[in-house]
Amino acid sequence: MAKLWLIIVLLMGLSGPAQKAPWFSGLIVYHNEFRNAAGEVVESRVGARDLFYIQGSNYKLCDSTKRVRELYLGKTHTHQMMQDGKVTITSDTATHQPQVSAIYLPTTTVILGHPCHAVQLVHGAVASIIYYSPEVRVNPKGFSKSPFGYWYALLKATNGALPLRTISVYSAHGYTATSEATAVQPMPLTDQDFTFAAPPR
C-alpha cells in the first residue's frame, strides 16, 4: 500500500503545472529598423543597435558603441537619460499612467529559439505589436513605479516577458519602427552594473 501511495504522489508531481522559468538577468541585443510612409529605410537618432541590460528592477540601455543612453534604478524609481553629455533625471511619476489598451493576438512565432506570443498595445497614435516569450521574463512589480508608465503597462500585458520583437506604427509621423532581438544572453548582474560609470559587459 505504501508503494502504491508513493507512485500516486510521484505521478501527481509529474502531471502538475510546469514551473515558470526563473527571472531573466542579462543582456538582450536589438536590431532597429525605421521606415517612412513610402516604405523606405531611414536613419534615426536611436541607431541601428541597442544593448539592453536588465536585472531585478534595474535596466540600462546602451547604443551600439556601448555608451549608456538610459538608466532606470528600481530602488529610487528614477529614470536617467544622457543627453548632450548631461544626465537628466526623471523621478517617480507613477500617478501619471498612460492609457494603454492591450489586444492579445493568435499569432505565434519563434525568435532565437524562444516560442513567442503576440499582443498589440495601443497608446495614443502609436500601435505596437509585441512578440514575447514566457521564457525571458522579469518581475513586472519591480517597474510599477517607473516614471514612464508605458514600460510597466507593457510588462503587465506580457506578465513580465520582455519584448523580443516590436513593430510600432507611428501614424502621426507616418513611419514604422521595428526592433528585434538578435541575441539573448543570460548573465549575472548586480546593482554595481547599473551606473553610467560601469562599463557595459
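The values are calculated or read from the model by the stated rules, or taken from the named source; none is laboratory data. In this text, all values refer to a predicted model and were calculated from it rather than measured experimentally. Here Cβ is always computed from backbone atoms with ideal geometry, including for glycine, and neighbour counts include all displayed protein chains. In case anyone asks, the SASA skips ligands and DNA or RNA and just uses the protein heavy atoms, side chains included. Shrake-Rupley method; radii C 1.70, N 1.55, O 1.52, S 1.80 Å.
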## Note on the structure
Expressed in nanometres to one decimal, the distance between label points 7 Å along Cα→Cβ at PHE196 and ARG67 is 1.2
### Query
If R0 is 22 Å, what FRET efficiency do you get for ASN36 and VAL122 from their C-beta distance, rounded to 0.05?
0.55
### Query
Under a 1.4 Å probe, what is the accessible area of the chain per residue, stated in Å²?
58
### Task
Using only the Cα atoms of region 78-176, each taken as one equal point scatterer with no solvent, compute I(q) by the Debye sum, divide by I(0), and report log10 of the ratio at q = 0.25 Å⁻¹.
-1.25
### Query
Extension gain LYS75-SER44, at 0.36 nm per residue separation less the Cα-Cα distance, in nm?
8.0 nm
### Summary
Relative contact order as a percentage, the chain, C-alpha pairs under 8 Å and 6+ apart, gives 24
## Note on the structure
Here the gain from full extension of ILE89 to LEU112, 0.36 nm per residue of separation minus their alpha-carbon distance, amounts to 4.8 nm
### Query
On a 0 to 90 degree scale, rounded to 10, what angle separates helix 2-15 from the longest Cα axis of the chain?
20
### Message
Which residue fluctuates most in the GNM of the chain (Cα springs below 10 Å): GLY47, GLY113, GLY26?
### Response
GLY113
### Query
Do any of LYS60/LYS86; LYS75/LYS145; LYS75/LYS141; LYS86/LYS156; LYS66/LYS145; LYS66/LYS156 go past 21 Å between their Cα atoms, and which?
LYS86/LYS156; LYS66/LYS145; LYS66/LYS156
### Under the Karplus curve 6.51 cos²θ - 1.76 cosθ + 1.60, θ = phi - 60°, whole-Hz ³J(HN,Hα) for region 145-150, x wherever Gly or Pro sits
10, 5, x, 9, x, 4
